[in-house]
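Participant: I have a structure I would like to understand better, so I am pasting it below and will then ask my questions one at a time.
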Amino acid sequence: MAQFINMLLIGIGAGSIYALMAIAMVLVWRSTRVINFAQAGMALLSTYIGFELVQKTGNFWIALPLAMILGAFFSAVIEILLIRTLIRHSTSGPVAGIVPIIATLGLLGLIRAMIGFIWGNQDIQIQPPLSKVGFKLGQETIALSPMNLLVLLTVLAMVLVLGFIFQKTSLGLSLRASAYSPEIAQLAGIRVGAIRTIGWAIAGAAGAAAGLLQTVNGTGAVSPDSLEFSLLLTFGFIAAVIGGLESLPGAVLGAVVLGLVLACVQIYISGTFVFVVAFALLLLVLLIRPQGFIGTKAGRRA
Amino acid sequence: MLKKHPLAGFSLFGIILFILSNRVDELRVFQGATVAIYVIAIASIILLTGYSGQVSLGQGALLAIGGYAAALARNHWGAPVWLTFCIAVLAAALGGYLLGIAAARLSGPYLAGTTLALAIGLPSIANQFSIFGGEQGLLFDIGAPPASLGENFSQYKWYFWIAALAALIAIYWLRNVMNSRYGRSWKAVRGNDVAAELAGINVGRNKVLAFTISAGLAGLAGALLAMTISTVSPGAFPLALSFSLATGAVLSGVTTLGGVMIGAVTLVAIPEIVDTVVSRFESSESVANNLPGLLVSTLLILTVLFVPNGPVEQLRTRREHRAKK
C-alpha cells in the first residue's frame, strides 16, 4: 500500500515538471508550428540565470519568478530574431519541413556552447530551498518532501494561471484565435505577429520554471551537457505528443500519465526500463490514437 | 567523363586516395578514415531526408546497432572482418526496418522527436545489459593489416583503406539506387506524397524501404567507427554524434548526394581548426571545450537560413537561372 502511494506521489511529482515542459512545447507549436528542440537549451540558460540570482539574492523564491521573466524575454528575442527570419525566408519544397527542426537544433547547440563559455563545463550546484526529507505518515516515510510539495503547488498555480489567461482574458482569446487560424485572426484585427511572440514568451517562462524546479527537485547539479535536460526535453515532447500537441489540458494530462507510467515501471519493474517504456508509450499512442488523448481527428496528418 | 562513366570516376578517385594515403602523415590518414565514415553516415541521412522527405535525428542509435552487432559477431563467433561488416549492415537494417514500420506513419516533427528520443535512450539501454559490456563496452579488434602489405604498413592506413573502400562502394551503390525505380519513387514521395500515391506508388512501403537502406548504411558507418577506435561503448555514440551527423547532412545539402564530402570534411576540420586556434592564442580550457559546438551550431543556423538546400544545389539552381537568361 505504502509502495502504491509512493508510486502515485513520485509519478505526479515528476509528471508536474514534465507538464511545464510539455506546455512550453505546445505553446510554441500552436503559435508558430515549430517543435522547439531548443526548449531544453532555453530552460538550461534560465536555470543558470536562476543559479546566479540565487547566489545574488540568496532566496530561491525571488530567483524563480525573475528567472521566468528573463526566460520569457530570451524566448521572445529568439522568436523575433530567428523564427521570424526563418518564416520570412521560408522555402518550399523538400527541405521546408525540416528547416525549423534543424534551426532549433542549431540553437540548442549554440545556447549550450555559450553557457559553457560563460559558466564553464563543470557542474554548478543550486541549493534546494526546502528540506528534501519525506514527510512521515505514521512509521513510514513517504516519497513526498516539503520540496516536492512546493514544486507540486507551484506547478499547479502556474497551470491555473495559464488556464485563466487562456480561457478568460482577451489575450487568451487572441492566442487561441491565432493558433486556430492565423489568417482569420488577422482579419479580425489581431496582430498575429505580436501574439506569436507572446506565445513564445509564455513558453520560455514555463520552460524556465521546468528547468529550475527539475534541478532543485533532483540532485541540484547542472552542467551545459546535462543529460537531465535532454531527458526533460524528451519526456516533455512525449507528454505533449501523447496529449495531442494542440491542447494545454492535453499536455498536462499527457505529462501526468507519463509520470505515473514511468513511476510504476520504476517501482514495480526496474529503473532501467523507464526509457524503453516511455518510447513504447509514444509509439503506441502515435499508432493507435495519433491525434493524442485530447485532440480532434482533423488535428494533423501524421 | 565523370558524368558518363561513374564507375571510372569512382575508381580514379579511389586511386588518387590510395596514392595520397602513402604521402601524408598518420594523423591525416586517420582523419581521412573519419571523413570516409562520416561520408557513409551522412549519405544515410541524405537518403532518408532528401530523398524521402523524412528527417531522423537518431542516426547515432543506428550507428550504435551496427557497431555492437559487428563487435558481438567478432567476439562471440570470431567472424572474419568482412563478415562482421555485413552483419553490422544487416542488423542495423533490421532495426531500421522495425523503426520504419512505426515511423512511416509519422511525419516531420513527430518523426524527428521520436528518433531523437531513440538517440537519447538507446545508449543508456545498452548500458543495462551485460552482453553489451556496460559502460566500458566491448572490444572490437579487426587485427593487424595483412603481412603481404609490407612491414611499414600502419594500422591507421589499414583502417583508412577499409573505410575509404567501403565509402566508395557505398556511395557508388547508393548513386545507382537513386537513379533506379526506387530512387524516382522516393523523389515522388518527397515531392508530394498524395500525388505519388495517386500515381500508383505505395508510399508506406517506399518509406519503410528508405528507412531500411538508410539504417543499413548507418550500421556500416557504425561498424567502421567502432573499428577506428577499437571499441564500442555507449559513450562512442552520444547524442552529439547524431546532431553532428544531422549537421553534416544539412551542410552537405540534403537534396543531393553531390555535396556529401562537404559536410564530412567540415565535421573533421572543425576540431582541427579549434585546436589550431587554441594553441595559437593559448586560449583557456573553456574555449577549447565550447568553440567546436559554437562553430557547428552557427554554421548550421546560417546554412538553414541562407542556403537551406545546401551549397551544391544552390550553385546548380543559380547556374540554371543564369543559363535561362
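The values are calculated or read from the model by the stated rules, or taken from the named source; none is laboratory data. The structure presented is a predicted model; accordingly, all values stated were derived computationally and were not measured. Heads up, the Cβs are rebuilt from the backbone with ideal geometry, glycines too, and the neighbour counts pull from every protein chain shown. Surface areas here come from the heavy atoms of the whole protein model, side chains and all, with no ligands, DNA or RNA. Shrake-Rupley method; radii C 1.70, N 1.55, O 1.52, S 1.80 Å.
Participant: Given the criteria away from chain A (no Cβ under 13 Å) and farther than 17 Å from B:L217 by Cα, does B:R105 qualify? Show your work before the answer.
Facilitator: Values: away from chain A (no Cβ under 13 Å): no; farther than 17 Å from B:L217 by Cα: yes.
No.
Participant: Taking into account only those residues within segment B:230-240 that are open to solvent by 10 Å² or more (accessible area, probe 1.4 Å) and away from chain A (no Cβ under 13 Å), which is nearest to B:Y51 (Cα to Cα)?
Facilitator: Among those residues, the one meeting the criterion is B:A236.
Participant: Can you pull out every residue in segment B:91-142 that is open to solvent by 20 Å² or more (accessible area, probe 1.4 Å) and either touching a His at 6+ places or on another chain (Cβ under 8 Å) or at positive phi (or both)?
Facilitator: Across segment B:91-142, the qualifying residues are B:G108, B:G133.
Participant: Is it fair to say A:L175 is at the interface with chain B (Cβ under 9 Å from one of its Cβ atoms), within 24 Å of A:A209 (Cβ to Cβ) and at pLDDT 85 or above?
Facilitator: Numbers: at the interface with chain B (Cβ under 9 Å from one of its Cβ atoms): no; within 24 Å of A:A209 (Cβ to Cβ): yes; at pLDDT 85 or above: yes.
Criteria not met by A:L175.
Participant: Mind telling me which of the residues A:A113, A:A24, A:A76, A:A96 ends up being closer than 29 Å to A:M147 by Cα and not aromatic (F, W, Y)?
Facilitator: Details: A:A113 fails: closer than 29 Å to A:M147 by Cα; A:A76 fails: closer than 29 Å to A:M147 by Cα; A:A96 fails: closer than 29 Å to A:M147 by Cα.
Result of the check over A:A113, A:A24, A:A76, A:A96: A:A24.
Participant: Out of all the residues in segment A:195-237, which are under 13 Å from the mean Cα position of the chain (by Cα), surrounded by 24 or more Cβ atoms within 10 Å (Cβ to Cβ) and within 14 Å of chain B (Cβ to nearest Cβ)?
Facilitator: Of everything in segment A:195-237, those that are under 13 Å from the mean Cα position of the chain (by Cα), surrounded by 24 or more Cβ atoms within 10 Å (Cβ to Cβ) and within 14 Å of chain B (Cβ to nearest Cβ) turn out to be A:F229, A:L232, A:L233, A:T234, A:F235, A:G236, A:F237.
Participant: B:V250 - would you say it is within 12 Å of chain A (Cβ to nearest Cβ) and not in a helix (DSSP H, G or I)? Spell out the reasoning first.
Facilitator: On the way: within 12 Å of chain A (Cβ to nearest Cβ): yes; not in a helix (DSSP H, G or I): no.
Spelling it out, it is not the case that B:V250 is within 12 Å of chain A (Cβ to nearest Cβ) and not in a helix (DSSP H, G or I).
Participant: While we're looking at this one, here's another question. Out of the residues in segment A:17-34 that are open to solvent by 10 Å² or more (accessible area, probe 1.4 Å) and touching a Gly at 6+ places or on another chain (Cβ under 9 Å), which is nearest to A:A239 (Cα to Cα)?
Facilitator: Here the answer is A:Y18.
Participant: Tally time: how many residues in segment A:156-181 are within 17 Å of A:L245 (Cα to Cα) and not in a helix (DSSP H, G or I)?
Facilitator: Residues of segment A:156-181 that are within 17 Å of A:L245 (Cα to Cα), as a first pass: A:159, A:162-163, A:166, A:175-181.
Narrowing further to those that are not in a helix (DSSP H, G or I): A:181.
The qualifying residues number 1.
Participant: I'd like the full set of residues that are modelled with pLDDT of 75 or more and within 14 Å of B:L302 (Cα to Cα), limited to segment A:89-100.
Facilitator: Step one: of segment A:89-100, the residues modelled with pLDDT of 75 or more are A:98-100.
Selection gives A:V99, A:P100.
Participant: Mind listing just one residue for me: the one in segment A:241-277 that is surrounded by 24 or more Cβ atoms within 10 Å (Cβ to Cβ) and facing another protein chain (nearest Cβ under 9 Å) and, of those, modelled with the lowest pLDDT?
Facilitator: A:L245
Participant: Same structure again: Report yes if some residue within segment B:57-64 is open to solvent by less than 30 Å² (accessible area, probe 1.4 Å), of a type in the set (A, V, I, L, M) and outside any helix (DSSP H, G or I); otherwise report no.
Facilitator: Yes: one or more hits.
Participant: Here's something else I'd like to know. Which residues, counting only those in segment B:284-303, are at the interface with chain A (Cβ under 7 Å from one of its Cβ atoms) and of a type outside the set (A, V, I, L, M)? First the steps, then the outcome.
Facilitator: As a first pass, look at segment B:284-303 and keep what is at the interface with chain A (Cβ under 7 Å from one of its Cβ atoms): B:286, B:289-290, B:293-294, B:296-298, B:300-301.
Within segment B:284-303, B:S286, B:N289, B:N290, B:G293, B:S297, B:T298 meet the criteria.
Participant: A further question follows. Taking interchain pairs and intrachain pairs at least six residues apart, which have beta carbon atoms under 6 angstrom, with the first residue in segment B:306-321 and modelled with pLDDT of 80 or more and the second in a helix (DSSP H, G or I)?
Facilitator: These pairs meet every condition: B:V307/B:Q314.
Participant: If you take the residues in segment A:110-126 that are facing another protein chain (nearest Cβ under 7 Å) and farther than 16 Å from A:A40 by Cα, which one is most open to solvent (accessible area, probe 1.4 Å)?
Facilitator: Going through the qualifying residues, I end up with A:F117.
Participant: Let me ask something else. Applying the selection to segment B:160-213, what residues are within 28 Å of B:G143 (Cα to Cα) and either open to solvent by less than 60 Å² (accessible area, probe 1.4 Å) or in contact (Cβ under 8 Å) with a residue 60 or more places away in the chain (or both)?
Facilitator: B:F160, B:W161, B:I162, B:A163, B:A164, B:L165, B:A166, B:A167, B:L168, B:A170, B:I171, B:Y172
Participant: Is it the case that some residue within segment A:77-95 is open to solvent by less than 70 Å² (accessible area, probe 1.4 Å), β-branched (V, I, T), within 14 Å of chain B (Cβ to nearest Cβ) and outside any helix (DSSP H, G or I)? Break it down stepwise before answering.
Facilitator: Here is the first cut: in segment A:77-95, the residues open to solvent by less than 70 Å² (accessible area, probe 1.4 Å) are A:77-79, A:82-83, A:85-86, A:91, A:93-95.
Next cut, β-branched (V, I, T) only: A:77-78, A:83, A:85, A:91, A:95.
Adding the requirement that they be within 14 Å of chain B (Cβ to nearest Cβ) leaves A:78, A:83, A:85, A:91, A:95.
Applying the additional criterion that residues be outside any helix (DSSP H, G or I) yields A:91, A:95.
Scanning segment A:77-95 turns up at least one residue that is open to solvent by less than 70 Å² (accessible area, probe 1.4 Å), β-branched (V, I, T), within 14 Å of chain B (Cβ to nearest Cβ) and outside any helix (DSSP H, G or I).
Participant: A further question follows. Could you identify the single residue in B:P80, B:P145 that is under 30 Å from B:S21 (Cβ atoms), open to solvent by 50 Å² or more (accessible area, probe 1.4 Å) and over 19 Å from the mean Cα position of the chain (by Cα)? Full working, then the answer.
Facilitator: Numbers: B:P145 fails: open to solvent by 50 Å² or more (accessible area, probe 1.4 Å).
Every option except B:P80 fails the conditions.
Participant: Sticking with this one: Does B:A147 satisfy the condition of being at pLDDT 85 or above and small (G, A, S)?
Facilitator: On the way: at pLDDT 85 or above: no; small (G, A, S): yes.
For B:A147, the condition - at pLDDT 85 or above and small (G, A, S) - is not met.
Participant: Considering B:T276, B:T256, B:T317, which residue is open to solvent by 20 Å² or more (accessible area, probe 1.4 Å), outside any helix (DSSP H, G or I), more than 9 Å from chain A (Cβ to nearest Cβ) and of a type outside the set (D, E, K, R)? Talk me through it step by step, then tell me what you get.
Facilitator: Values: B:T276 fails: outside any helix (DSSP H, G or I); B:T317 fails: outside any helix (DSSP H, G or I).
Of the residues listed, the single one that is open to solvent by 20 Å² or more (accessible area, probe 1.4 Å), outside any helix (DSSP H, G or I), more than 9 Å from chain A (Cβ to nearest Cβ) and of a type outside the set (D, E, K, R) is B:T256.
Participant: While we're here: Go through (1) of a type in the set (S, T, N, Q); (2) surrounded by 15 or more Cβ atoms within 10 Å (Cβ to Cβ); (3) within 21 Å of the chain's Cα centre (by Cα) one by one and return the number of the condition A:S174 breaks.
Facilitator: Among (1) of a type in the set (S, T, N, Q); (2) surrounded by 15 or more Cβ atoms within 10 Å (Cβ to Cβ); (3) within 21 Å of the chain's Cα centre (by Cα), A:S174 violates only (3).
Participant: Scan B:G66, B:G78, B:G58 and give me the residue that is out of contact with any helix residue (DSSP H, G or I) (no Cβ under 7 Å at 6 or more places or on another chain) and more than 14 Å from A:I102 (Cβ to Cβ). Give the derivation first.
Facilitator: On the way: B:G66 fails: out of contact with any helix residue (DSSP H, G or I) (no Cβ under 7 Å at 6 or more places or on another chain); B:G58 fails: out of contact with any helix residue (DSSP H, G or I) (no Cβ under 7 Å at 6 or more places or on another chain).
That would be B:G78, the only listed residue that is out of contact with any helix residue (DSSP H, G or I) (no Cβ under 7 Å at 6 or more places or on another chain) and more than 14 Å from A:I102 (Cβ to Cβ).
Participant: Of all residues being more than 22 Å from the chain's Cα centre (by Cα) and not polar (S, T, N, Q) in segment A:271-283, which is farthest from B:A117 (Cα to Cα)? Just the residue, please. Break it down into steps so the answer makes sense when it comes.
Facilitator: From segment A:271-283, those more than 22 Å from the chain's Cα centre (by Cα) are A:271-273; that's our starting set.
With not polar (S, T, N, Q) added as a condition, the list becomes A:271, A:273.
Working: A:G271: 17, A:F273: 14 Å.
Applying the filter and picking the extreme gives A:G271.
Participant: Listed residues B:F281, B:F243, B:F306; which is open to solvent by 70 Å² or more (accessible area, probe 1.4 Å), out of contact with any Lys or Arg (no Cβ under 8 Å at 6 or more places or on another chain) and at the interface with chain A (Cβ under 8 Å from one of its Cβ atoms)?
Facilitator: Result: B:F306 is the single residue among B:F281, B:F243, B:F306 that is open to solvent by 70 Å² or more (accessible area, probe 1.4 Å), out of contact with any Lys or Arg (no Cβ under 8 Å at 6 or more places or on another chain) and at the interface with chain A (Cβ under 8 Å from one of its Cβ atoms).
Participant: Please list, ordered by first then second residue, the pairs with beta carbon atoms under 6 Å, 6 or more apart or interchain, first in segment B:25-49 and at negative phi and part of a helix (DSSP H, G or I), second modelled with pLDDT under 85 and among the basic types (K, R).
Facilitator: B:V29/B:K157
Participant: What is the one condition in (1) more than 14 Å from every other protein chain (Cβ to nearest Cβ); (2) in a helix (DSSP H, G or I); (3) open to solvent by 50 Å² or more (accessible area, probe 1.4 Å) that A:V151 does not satisfy?
Facilitator: (3)
Participant: Do we find a residue being at pLDDT 85 or above and either surrounded by fewer than 15 Cβ atoms within 10 Å (Cβ to Cβ) or within 26 Å of B:M178 (Cα to Cα) (or both) anywhere in segment B:288-298?
Facilitator: Checked segment B:288-298: at least one residue is at pLDDT 85 or above and either surrounded by fewer than 15 Cβ atoms within 10 Å (Cβ to Cβ) or within 26 Å of B:M178 (Cα to Cα) (or both).
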